[in-house]
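Below: the structure, in structure tokens.
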Amino acid sequence: MTAIPVSVITGFLGSGKTTLLSRLLRHPAMGRTAVIINEFGEIGLDHDLIEASDENIVTLTTGCLCCTVRGDLVLTLGDLLQRRDRGAVPPFERVVVETTGLADPAPILQALMSDTSLAGRYAIDSVVATVDAVNGLSTLDRQIESVKQAAMADRLVLTKVDLVKDGTEALASRLMALNPRAPRIESVMGAIEPDQLFSAGRYDPATKISAVAAWLASEAEYHDHAHAHGARPDVNRHGDH
């Protein structure tokens, strides 16, 4: 059975994740996609797009599913699989996870890579980080979460570039130091083609700066410690969902 690709969209508060996702949900190429978000209201769903609703899952006329995370991302992904297997939801072929603006992506990625209940059914396909071209530099200086988001990404989307008078050279230089291999894609009001963001190939920490492997190793240690004490590791402990 082919693993379902999972893409993670992250980015700091106000960096344009919601705008980006709202535009993506309207794109024909996003049909047969399941989107996991925090709250439906956060992405401003157009009621004309809603075809049916069932508990915390909304089916869109475009063929997308929108699902609110139930506290634990792993449990939510498992629930979606069960619904898909028994035909309760359309047979989605991709999953997109939107994190909150304060999210540390490390626990999310570690959970997706290591949870045995998801093994073989899901595979991380790409990590997309939105970066505010207006406030990105100052955010990187002040918030370690934004540093992790940028460093762990496969794709960097520079938003609000139309509002920057002095260009984005300084920000681009900072991002290059944090993540030299990730393409930087400029976007205005979330306008972007899905194929620019997804299908990056299986996620490989070895292609990132060394700090990324260290962050993931720290999460793995936490996971093992929690498992040894009989507790389910909480991938939400950093406020990501």
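Descriptive notes on the structure:
- Modelled spin-label separation between PHE40 and ASP166, with each label point placed 7 Å from Cα along the Cα-to-Cβ direction: 4.4 nm.
- Inverting the pair-averaged 1/r between distinct Cα atoms of the stretch 121-219 gives 14.0 Å as its Kirkwood hydrodynamic radius.
- Net charge over other residues, Cβ less than 15 angstrom from the Cβ of LEU21 (K, R count +1; D, E count -1): 0
- Sites excluded, GluC sites (Glu not before Pro) in DSSP loops with at most 16 other C-beta within 10 Å, longest stretch of the chain: 94-241
- Once the gyration tensor of the Cα atoms in the stretch 22-167 is diagonalised, the equivalent ellipsoid follows with semi-axes of 28, 20, 12 Å, ordered largest first.
- Ranked by how many other beta carbons lie within 10 Å on average, peptides 12-20, 63-71 from highest: 12-20, 63-71
- Annotation: amide H of ALA123 within the under-5 Å range of ILE4, VAL6, sequence separation 5 or more or interchain, hydrogens built in the peptide plane.
- GNM result for the chain, Cα springs below 10 Å: residue of ARG26, ARG94, ARG84 fluctuating most strongly: ARG84
- Only helices enter the 222 nm calculation for the chain: every DSSP H run of n ≥ 4 contributes -39,500 (n - 2.57), and dividing by all residues gives -9500 deg cm²/dmol, rounded to 500.
- Inter-site label distance for SER218 and GLU186 at 7 Å from Cα along Cβ, in nm: 3.4 nm
- Spatially proximal lysines relative to LYS208 (Cα-Cα < 19 Å; intrachain offsets below 8 disregarded): LYS148
- Net charge of neighbours whose Cβ lies under 11 Å from the Cβ of GLU42, counting Lys and Arg as +1 and Asp and Glu as -1: -1
- Accessible area of the chain belonging to carbon and sulfur atoms, whole % at 1.4 Å probe: 51 percent
- Across the alpha-carbon atoms of the stretch 1-89, the computed radius of gyration and Dmax are 12.9, 38 angstrom.
- Whole-angstrom gap from the stretch 22-44 to the stretch 95-142, using each part's C-alpha centre: 16 Å
The values are calculated or read from the model by the stated rules, or taken from the named source; none is laboratory data. Predicted model only: the values in this text are computed from it and were never measured. Quick reminder, even Gly has a Cβ in these numbers, built from the backbone with ideal geometry, and neighbours come from all protein chains shown. Please note that ligands, DNA and RNA were not included when accessible areas were found on the heavy atoms of the full protein model with its side chains. Shrake-Rupley method; radii C 1.70, N 1.55, O 1.52, S 1.80 Å.
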